[in-house]
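Below is one structure, written out as structure tokens; comments come after it.
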Amino acid sequence: MALHVQAQEKHPVPIILDTDIGPDYDDVGAVAVLHALADKGEARPLAIMASNKNELVGPTIDILDIYFGRPGLPIGAPKGADAPDRGAVQKWPEMQVHPGRLYKTEFFAHNLTGHETMAQAVPNISPGKAAGYFRKTECFCFTPQHFDVNEQRPMAVRFVVDPAIPRSVDRITLSYTFYDEFTRVGSLN
């Protein structure tokens with residue numbers, strides 16, 4: 001009896017990465033993952049587009065593409081005074097905390113979308129191993145938030161860091177991304 005096994009040919013998935021790259025770093029990680037998948041032959045980056053119209057967005061993405069060995073990858077970003085500016089301006093407080101104590105802090109959100117919106121904040125905790133030890137008792141991320149055009153306001157978070165957190169974790173960063181009713185999330189098949 002002869003057995004013939006033929007490996008299936010890999011077909012990289014074509015991807016256009018849409019990012020809201022800005023004052024936080026989660027999107028740098030997304031760009032890094034895209035390039036890592038391309039290096040493994042699992043993805044074929046077609047372009048990276050940004051929903052943030054800040055003038056430094058394009059050059060920032062370009063620097064990342066050059067670093068990962070893909071200079072010249074097409075980049076798209078909104079331009080002009082009338083271009084939509086998705087997302088919120090973020091000002092991050094810094095504080096020293098002691099595990100086991102309850103703390104309150106505030107984030108500042110500003111609706112720059114140009115329209116009234118309902119948005120859901122999604123938290124990101126870094127480093128990832130700290131996430132299981134960070135407990136929010138009150139957070140604007142628990143429910144969708146309504147914002148009028150150009151509305152700005154502080155957003156409260158109450159939290160406790162579990163005393164069982166590993167001693168190697170000496171810094172925790174909590175950030176949020178707002179997804180509004182116009183954000184579309186999908187997947188490639």
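The simple spin-label model puts a point 7 Å past each Cα toward its Cβ; for Lys136 and Val149 those points are separated by 2.9 nm. Once backbone amide H atoms are built at 1.01 Å from N, Gly114 has Asn150 as its partners under 5 Å, excluding neighbours fewer than 5 places away on the same chain. If R0 is 35 Å, the Cβ-Cβ spacing of Tyr103 and Leu46 corresponds to a FRET efficiency of close to 0.20. With every protein chain in place and a 1.4 angstrom probe, the accessible-area ranking of Val122, Val149, Val57, largest first, reads Val149, Val122, Val57. Each of the peptides 95-102, 133-140 was scored by the mean count of other Cβ atoms within 10 Å over its residues; in descending order, highest first, they stand as 133-140, 95-102. Distance from the alpha carbon centroid of segment 113-156 to that of segment 37-55 works out to 26 angstrom. If R0 is taken as 30 Å, the Cβ-Cβ distance between Ala36 and His110 corresponds to a FRET efficiency of 0.35.
The values are calculated or read from the model by the stated rules, or taken from the named source; none is laboratory data. No experiment lies behind these values; they were computed from the predicted model shown. Neighbour counts run over all protein chains shown; Cβ positions are idealised from the backbone, glycine included. The protein model used for the area step is the full one, side chains on, heavy atoms only, and it has no ligands, DNA or RNA in it. Shrake-Rupley method; radii C 1.70, N 1.55, O 1.52, S 1.80 Å.
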